[in-house]
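The values are calculated or read from the model by the stated rules, or taken from the named source; none is laboratory data. What you are looking at is a predicted structure, and each value in this text was computed from that prediction instead of being measured. Heads up, the Cβs are rebuilt from the backbone with ideal geometry, glycines too, and the neighbour counts pull from every protein chain shown.
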Amino acid sequence: MKRSLFFAFLLLMGSQPFSFATNKQKTEPIRYTLSFPAPETHYIEVIANIPTGDKKTLDLMMPVWTPGSYMVRDYSRHLEKVTFSTENGEALKGYKTSKNHWFVETNGSPYVIVSYRTYGREMTVRHNWVEDGFALINGAPTFITEVSSLDQPYEVKLLLPPSWETAISSLQTISKEPIVFRANDYETLIDSPIVAGTPKVYTFELDKKIHRLVNIGDTSQWDGEKSIKDLKLIVEENRNFWGSLPYKDTYTFLNVLVEGFGGGIEHKDSCTMMTSLWESSTPKRYKGWLGLASHEFFHTWNGKRLRPIELGPFDYDTENYTDDLWLVEGFTSYYGDLIMKRAGLLTKDQYLGKLSGRISYSQNVPGRLVQSLSEASYDAWIRHYKSNENTSNSTVSYYTKGAVIGFLLDAKIRSLTDNKQSLDDLMRQAYEQFSGDRGYHTQEFIDLASKMVGEDLTPWFASAVSSTNDLDYTEALTFFGFDFKGNLPQDEDDKKDSPKAWLGASLETKKDQLRITKIPRETPAIEAGLNVGDEIVAINGYRIAATPKAFQTHLEFFQPGDTITILVARRGKLIPIETTLRARPSFSWRLVEIESVTKEQTKRLNSWLEGSAKE
């Protein structure tokens, strides 16, 4: 069939994937064999055995994105040497019909063998990474499938290099020699990453379910015994929060230990985290890793089972838009920290410090006046993972501001119900009503919250989520007995010298040059006409060292209101720019308990931090 005829056929069939599936095809797995003949070259060799079900042609597909990471990544760009044949090795005609689809003529063969190799050297939790010692294998950048076969079983056999001991995944293991995993459908396959190599595994059991911490990479500096004990506290607190553990037998924390990379991504029965091998060596960094684990584990409920209706079943060919990532990611960020506090892994001051940081960011980022939370969610595909020097001026984070909305909504529910109900209760009720295959519409979640408090909260959500209005903290502060305090001077010299002169631009040394990297709105830098990329050469005719610290030290000789001349080099041309300095905004959004706090407010505060809504 020629390309023109093929596209005409697709048009006739409509936009939905066509299927000539037989009962045999529905039950017989698509089988993959993965091998690593030279892992130091970063390649995975893949052979896919796809039953044809007596179809004359196949439409093959590879996903363009990974669920949980909302950006089109075009994984097919990493493929090489894609060929099609029968089981006997007879070549079959096949060609690309789009960036991630292939059309194959079966010639009556019961199986089509698809062979290809994929390059894996992007050190993130949503790509493949292969090196001589281990591999992280994600589903979306690895497995080509047939578009009408997404609901049939899949099997993955791994042929490991001699020096690698094993492979681990949340997929069902149906053979240990060779290692073969099984998924009931394509979505499960895509949602279940695999690590292969020589991992260190730590386990605990809770409610007759096994929980594994799988450390892979350079594990020499990682304190596995301590981390598995602390992960158990997080899992227990989540179980207490939701009432039960939703997975069948096992949950797996895949912890990839590398240097200079980070991040995490949730899956239904596992999560992948990427962190420094030194992360467990200092309390602050270790708390950060535990916070990442807490966030990803909370997604086991919120995001993977309780989700907006747009986020499942997935369309792997294109963007899956939703207005509700503030709820999926923001509320998970809120509870990721709060669960840590309730589990005893953060002190009250540490937790309030984290929440204050989120509030401070949300209130100080210029983009809050430009983009609403719902817009930030919808535009995640083109903005969140594609930040630049102007991002803070034009966007908000649905993670950070969404967490703040979670705090404010929690306080509002508690206030309107005399502390008899909370956001905890709302999340549990939403889980009972909307989890599973159904999903929820935004208004359904709002209606559920309104019913809980006996008041229509639609206007509140419209202002907080769908507009660029500044948030109102009055109700939350009053309910818990909080106030906001500014940054306090550190010592007597600071008191004498403040306020300090402030330019407002972010600076960085690049190739021995001091360059401007960001210029937020409403700063002296943007008002003076400075540009991102300008090299700062001198102030008032005096050359300064090419470091941000040297620049800041020089500014200490000036007062707010002083006008200085900054000499910059812009694409080689020297330009003097007059700049009037101002005082650095000193007001921060640090939550502190008021001195006149009442017993009632203290009781409310404790019930919130300890996880009990009822007095």
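Here are the numbers for the structure shown:
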quantity	calculated
Selection status of F261, modelled with pLDDT under 95 and under 20 Å from W129 (Cβ atoms)	yes
Members of the range 62-91 that are basic (K, R) and assigned to a loop (DSSP other than H, G, I, E, B)	R73
Single residue of the range 121-165 satisfying the filter (in a strand (DSSP E or B) and touching a helix residue (DSSP H, G or I) at 6+ places or on another chain (Cβ under 7 Å)) that is farthest from Y43 (Cα to Cα)	Y154
Top-ranked residue of the range 256-267 - restricted to ones that are part of a strand (DSSP E or B) and within 15 Å of the chain's Cα centre (by Cα), ranked as surrounded by the fewest Cβ atoms within 10 Å (Cβ to Cβ)	G263
Residues satisfying the stated conditions in the range 189-229, i.e. more than 15 Å from T275 (Cβ to Cβ) and part of a loop (DSSP other than H, G, I, E, B)	D191, S192, P193, T198, D207, K208
Scan of the range 549-592 for residues that are within 35 Å of the chain's Cα centre (by Cα), surrounded by 14 or more Cβ atoms within 10 Å (Cβ to Cβ), closer than 20 Å to R521 by Cα and not small (G, A, S), ordered by number	Q552, R584, P585, W589
Residues that are of a type outside the set (S, T, N, Q) and more than 17 Å from W326 (Cα to Cα), drawn from the range 460-482	D472, Y473, E475, A476, L477, F479, F480, G481, F482
Options Y335, Y321, Y316: the member that is assigned to a loop (DSSP other than H, G, I, E, B), over 18 Å from F434 (Cα atoms) and touching a strand residue (DSSP E or B) at 6+ places or on another chain (Cβ under 8 Å)	Y316
Checking L488 against (1) among the hydrophobic types (A, V, I, L, M, F, W, C); (2) surrounded by fewer than 14 Cβ atoms within 10 Å (Cβ to Cβ); (3) modelled with pLDDT of 95 or more, the condition it does not meet	(3)
Hits in the range 166-180 - residues which are part of a strand (DSSP E or B), of a type outside the set (V, I, T) and over 28 Å from the mean Cα position of the chain (by Cα)	S175, K176
Positions within the range 244-267 being in contact with a helix residue (DSSP H, G or I) (Cβ under 7 Å, 6 or more places away or on another chain) and over 24 Å from M123 (Cβ atoms), in sequence order	L245
Search result, residues across the range 438-470 that are surrounded by fewer than 17 Cβ atoms within 10 Å (Cβ to Cβ) and touching a residue at least 60 places away in the same chain (Cβ under 8 Å)	R438, H441, S466, S467, T468, D470
The range 302-317 residues that are farther than 17 Å from D269 by Cα, paired with ones that are aliphatic (A, V, I, L, M) and surrounded by fewer than 19 Cβ atoms within 10 Å (Cβ to Cβ) (beta carbon under 9 Å, 6 or more apart)	D317/V147
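Every residue, every condition in (1) over 14 Å from T332 (Cα atoms); (2) assigned to a loop (DSSP other than H, G, I, E, B), yes or no:
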| site | (1), (2) |
| --- | --- |
| D379 | yes, no |
| R383 | yes, yes |
| S387 | yes, yes |
| S397 | no, yes |
| I405 | no, no |
| R414 | yes, no |
| N419 | yes, yes |
